[in-house]
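The values are calculated or read from the model by the stated rules, or taken from the named source; none is laboratory data. Just so it is clear, the structure is predicted and the values come from calculations on it, not from any experiment. Glycine also receives a Cβ, built like all others from the backbone with ideal geometry; neighbour counts cover every protein chain displayed. Note: accessible area is taken over every heavy atom of the protein model, side chains too, but ligands, DNA and RNA are not part of it. Shrake-Rupley method; radii C 1.70, N 1.55, O 1.52, S 1.80 Å.
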Amino acid sequence: MDARLRRVNKEISDCKNDKSSNISIDLVDNSPFHLIGEFDGPEGTPYEGGHFKVDIIIPESYPFQPVKMKFITKVYHPNVSSASGAICLDILKDAWSPVLTLKSTLISLQSLLCSPEPRDPQDAEVAKHYMTSKSSFEETARYWTQAYAGGSGKEVRGKGRADGPRDEIAMAGLERAHVEKFQAMGFDRTKVIDVLRRLNYRGANVAQINDDKVVDELIKS
Amino acid sequence: MSSNDEYSDEDIEYYDEDEDMEDIDDVGSASEMELDPLNDLNDPTRPQRKIFEVEYESLSQNDVEKLMRADIEYISSIFGVEMDTASLMLRWINWNKEKLIEKYMDNANAVLMASGITQADKAPERAHAGRSPSSSAHQSSIGPRRSSRRIAPEPPKSGKTKILERLTPPIEDGKFICPICFDDTQTETLNMTCFHKFCKSCWHAYVESKVRTEAESWISCMAEDCSLVAPDYFIEGVLKEDKATWDRFQELLVRHFVGAMPNLKYCPYPSCTYTVSCPVSVSKTSLSSTVPIVTCGASAAHKFCFGCHVDSDHRPVICAVAKMWLQKCRDDSETANWIKSNTKECSKCQSTIEKNGGCNHMTCKKCKYEFCWVCMGPWSEHGTSWYNCNRYDEKASVDARDAQSRSRASLERYLHYYNRWANHEQSKKLSVELYAKTEKKMEEMQITSELSWIEVQFMKKAVDEVIKCRTTLMWTYGMAYYLERGNEKELFEDNQRDLERAVEELSELIESPIDPEVIKTLRQKVTDKTVYVQKRNEIVLEDTAKGFMDRRWKWNVPVEGYD
Ligand SMILES: [Zn+2]
Ligand SMILES: [Zn+2]
Ligand SMILES: [Zn+2]
Ligand SMILES: [Zn+2]
Ligand SMILES: [Zn+2]
Ligand SMILES: [Zn+2]
């Protein structure tokens, strides 16, 4: 049998037999080389209560070249692209070793959720948010978990339930009052959210960015 | 090993030039004997170097391997370590012997660990079958550790320990199960001194993927967090039955070595494995006065510049100006695209004329108007002394008053030079196509005349010369664009004009139909013209090169090395 196929089959069945890890790996179609991995958000993090899905592609030269993974579930995290789900993690690149497995890699992703590395970001805007105000970042991450990963969201204060229409302001990690202030000047709400997010208009930064700068950006955009 | 005081400690790229040059000379003489005697570049009877040529040496992969081996032997003997160990250390430090000696004296253990020869905290407990890296490096804690986010502060659940269990080969009923492919039928296993054992076919697949897919010769152990790097003997063992990958691995080592040496450059032509050594062109200052065009020993067509990334002959223009011109052409490619078209309208009768040869002397099929493809002016004037096809009339740009006419004039000025540059380039391409036609002509000539094969070679020589000179002409336009107006530029353009006229005449001659009656006369004419063209080309190359050396050229823009 093809060594790659044997190895992947063994990995999938090992994972099925191990009930203790709460990591699951399933086939997407009939090919064992395109899989979906799933795990729960780690406890004590903004991702707690969420359930995360990861797209897994097994390359031709697996396990000698790293597996390709990206989040299917939207995640608000400095090392995960908020748009595409692409992940910045060393073992998915040059630190890959053929002894690593799909399961161990998914566990590493789970650990990544516990310990963001904003100095080596995949999503620069999210990383900036994290660096500026960790509490505000966590609130947004929690909101995303609730909105996209099925999290209970009981800790999200004053943002309303995310079951209804999603709150764009909470989604962008901004303050409602800030958005409304520029909206009142006659700018489009979506535009305001976009610009404030790009400028990282949060926490201590708000005092650093004067209104003219924001208006300038709003006119340009 | 004396002149490196001015280099900082951190500069591991630095390499002692003087010593390296000696090495190259040693091997150079050996390599010449192996080379094709027809290759005139390495012909010992080759005439003296011209002013527009640089001194260089072509090295085969074998020659470079000898240089590498000499360095490895040197380190191996003074450190008292095995060749493979010395090789890894040199590769780690980018082949800077002096730097390596210094670091090794300072802390041998740290060097051994960083080079992937021994592991931190865990030096090999016992010698491994005949091949053990000399290691006095026990129990040291210095040296870089692979940082990894895998070592998360709190790995959730029980997964982590399970991964680590895998690192010890699982042995069930005394049978080895490879921890990578889970195959229990594999009988042959391999490991380095770290004793991380895997089956041979996994090692092979791993090394093959590193070498072939990643072009990587620095190959660490497959085990997680093991920092040992595979020495050559190990790779050789893994690739025993895969000669192609082993060859590629050795080529990668040579490339790494060449990349670390400022006086060596790998031939940029696809799948060529030759290297050129050009010690004189290492310094930046020499590049403001010489154009180090070299040819590798594999083929006379493998011509490239040692000083920049242009993979062809850009003489007589120095690298900095060539680079500016190419950038300008790239930036303005859209404006100038129309020039490249192969068809134009006759300026007399407006019928469409297609260019299908290299010659710029066009005759309209319909009205028989003879004109110049480049300037569309009447051809009759081109043979006379007031021929001005190559020179741009700067008056328009000087007279321009307002911004709009200034910008129009500057575009016009650029197009003048670009037009001629592009035209010679295109003619060159068409001349290459002419080769096939020429071969046929030569065969015909053999049949219709009493000329022998050798005697009909004059056609091929003429085509070669035309192609070569069009390359020179192309670049003279790139240069003239940046030359400050004045006497020097005018003299430059006189030489350019004379060469251009001669080339066009030769071009026309070799494209003319062959009449058996006059073949002998034609042969004489072509041969004479070829010699003349050759002379004109040398005059352009020589005078421009001299101008660079005398700092005679003045530029209308700032040029690197000319402040
Ligand atoms: Zn194996
Ligand atoms: Zn190892
Ligand atoms: Zn070559
Ligand atoms: Zn160059
Ligand atoms: Zn006509
Ligand atoms: Zn003309």
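Per-residue mean of foreign Cβ neighbours for A:88-95 is 3 (Cβ atoms of other chains, 10 Å radius). For the peptide A:64-70, the mean number of other protein chain Cβ atoms found within 10 angstrom of a residue's Cβ is 3. When each of the peptides A:199-210, A:136-147 is scored by the mean number of other C-beta atoms lying within 10 Å of its residues, the order from highest to lowest reads A:136-147, A:199-210.
Overall form of the range B:415-480: prolate. Here a/c, set by the Cα gyration tensor axes a ≥ b ≥ c, is 1.5 or more, and a/b is the larger of a/b and b/c. Each distinct pair of alpha carbons in chain A adds a 1/r term; the inverse of their mean, the Kirkwood radius, is 19.0 Å.
The lysines whose alpha-carbon is closer than 17 Å to the alpha-carbon of B:LYS440, local same-chain residues fewer than 8 away aside, are B:LYS460, B:LYS461. Here the Karplus relation 6.51 cos²θ - 1.76 cosθ + 1.60, evaluated at θ = phi - 60°, turns the backbone of the range B:538-552 into coupling constants of 5, 4, 4, 4, 5, 5, 5, 4, 4, x, 5, 5, 7, 6, 7 Hz, with x for every Gly and Pro.
Largest first, the residues B:THR213, B:THR527, B:THR472 sort by 1.4 Å accessible area into B:THR213, B:THR527, B:THR472. Taking every protein chain into account, the 1.4 Å probe leaves B:HIS204 with about 50 Å² of accessible area, to the nearest ten. Ordered by 1.4 Å accessible area with all protein chains kept, B:ILE72, A:ILE57 run largest first as A:ILE57, B:ILE72.
Sorted by accessible area (1.4 Å probe), largest first, how do B:THR476, A:THR190 line up?
Per-residue accessible area, sorted high to low, gives A:THR190, B:THR476.
Within a straight-line Cα-Cα reach of under 19 Å, B:LYS66 can be paired with the following lysines, leaving aside sequence neighbours fewer than 8 residues apart in one chain: B:LYS97, B:LYS265.
Between the range A:184-210 and the range A:27-95, the C-alpha centres lie 32 angstrom from each other.
Each peptide among B:234-245, B:109-120 gets the average number of other Cβ atoms lying within 10 Å of its residues, and from highest to lowest they stand as B:109-120, B:234-245. For the pair the range B:479-551 and the range B:172-241, the centres of their Cα atoms are 62 angstrom apart.
Once you average over the residues of A:5-17, how many Cβ atoms of partner chains fall within 10 Å of each Cβ?
1
Each of the peptides B:176-184, B:283-291, B:481-489 was scored by the mean count of other Cβ atoms within 10 Å over its residues; in descending order, highest first, they stand as B:176-184, B:283-291, B:481-489. Between B and A, roughly 2600 Å² of accessible area is buried in total, ligands, DNA and RNA not counted and the probe set to 1.4 Å. What whole number of Å gives the distance from the Cα centroid of the range B:76-115 to the Cα centroid of the range A:128-152? The two parts, judged by their Cα centres, are 49 Å apart.
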